[in-house]
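*Asks:* Structure provided below as structure tokens; questions to follow.
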Amino acid sequence: MTPARFLRRIVQFGLGLIVLWVGAVLWLGLLYWVVPPVSTLMLGRWLTLQSVERDYVSLDEISPQLPLAVMTSEDSRFCEHGGVDWTALQEVIEEADEDGPSRGASTIPMQVAKNLFLTQSRSYLRKGLEIPVAMYLDLIWSKRKMMEVYLNVAEWGDGVFGAEAAARKHFRKSAKDLTRREAALLARALPNPLRRNPGRPTPRLNALAGQLQARMAGAAPYSECLRP
């Protein structure tokens, strides 16, 4: 086989994989309306024979304090944007220096896109793929559905996925009974769930949760976009 022919085969194979991935995103996005979604992290653990704790529950079975906490902490314009917060993204780009951006601009839909269809590795390629997938999911899902999926696939410890498993693991209660303080601890643990333990918070995590509680104070438990 000549080098040119070999290179053409590689390109064709790569394009085929891209087409398959795009098709999977399109069809699974629709299928996940009726089937509980599975994250790539869960799949990876199952394939390597590691345990997964996850009990998928509806948003009605989760304390309204938890979606309030994660929106306040991670995506304050969740109800307003179409999957991508272009204002926040522009601010991050403008603030970036020669070492790159000092913070991210991931929305909840972008994190759902990453959790369901991409790897956890940090790269500009992955970030670039997050954007169209997040916009697609925001188009076909309601905001309520998006929040429900996010709270059921988020990682809150080694092999612990979703609000119900996290509430039982860290607080010995159902997700429906989480207090504002517990919701704040869970939300502030999300950036590093393998090192931040909401059930045994460090002074640093306690301080972060306290700051988040102050920001949550006076806010309605549910934004209009999350109402049934």
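*Asks:* Evaluate 2.2 N^0.38 Å with N set to the residue count of segment 37-226, then give the Cα radius of gyration divided by it.
*Replies:* 0.99
*Asks:* By the scheme Lys and Arg +1, Asp and Glu -1, what is the net charge of all other residues having a beta-carbon under 12 Å from that of T119?
*Replies:* +3
*Asks:* Sticking with the crude label model, points 7 Å out along Cα→Cβ, report the distance from L31 to I10 in nm, one decimal please.
*Replies:* 3.2
*Asks:* Using a Cα-Cα cut-off of under 26 Å, which lysines could be cross-linked to K127, ignoring same-chain neighbours fewer than 8 residues away?
*Replies:* K114, K143, K145
*Asks:* Further question on the same structure: A187: net charge of surrounding residues, Cβ under 15 Å, Lys/Arg +1, Asp/Glu -1, itself excluded?
*Replies:* +2
*Asks:* On to the next question. Sequence-distant or interchain residues sharing an amide H contact under 5 Å with V160, placed H: which?
*Replies:* E53
*Asks:* Karplus couplings for segment 159-176 from phi (6.51 cos²θ - 1.76 cosθ + 1.60, θ = phi - 60°), rounded to Hz, Gly and Pro as x?
*Replies:* Once θ is set to phi - 60°, the couplings for segment 159-176 become x, 9, 10, x, 5, 5, 5, 5, 5, 6, 5, 9, 10, 6, 8, 6, 4, 5 Hz.
*Asks:* Please arrange M42, M147, M135 by counting, for each residue, the other beta carbons lying within 10 Å of its beta carbon, fewest first.
*Replies:* M135, M42, M147
*Asks:* A further question on this structure: Alpha carbon centre of segment 120-137 versus segment 162-228: separation in Å?
*Replies:* 26
*Asks:* Okay, next question. Expected output is a single nm value to one decimal: the length gained when fully extending between A219 and Q50, i.e. 0.36 nm times separation in residues minus the C-alpha distance. What is it?
*Replies:* Full extension of this stretch gives 56.9 nm more.
*Asks:* Tabulate in residue order the Karplus-calculated ³J(HN,Hα) for segment 116-133, using 6.51 cos²θ - 1.76 cosθ + 1.60 with θ = phi - 60°, rounded to whole Hz; enter x for Gly and Pro.
*Replies:* 8, 10, 10, 8, 8, 5, 8, 7, 5, 5, 4, 4, x, 6, 4, 4, x, 5
The numbers here are math on the coordinates, done by the rules we state, and not lab data. A quick note: this is a predicted structure, and the numbers were derived from the prediction, not measured. Note: ideal-geometry Cβ built from the backbone for every residue, glycine included; neighbour counts use all protein chains shown.
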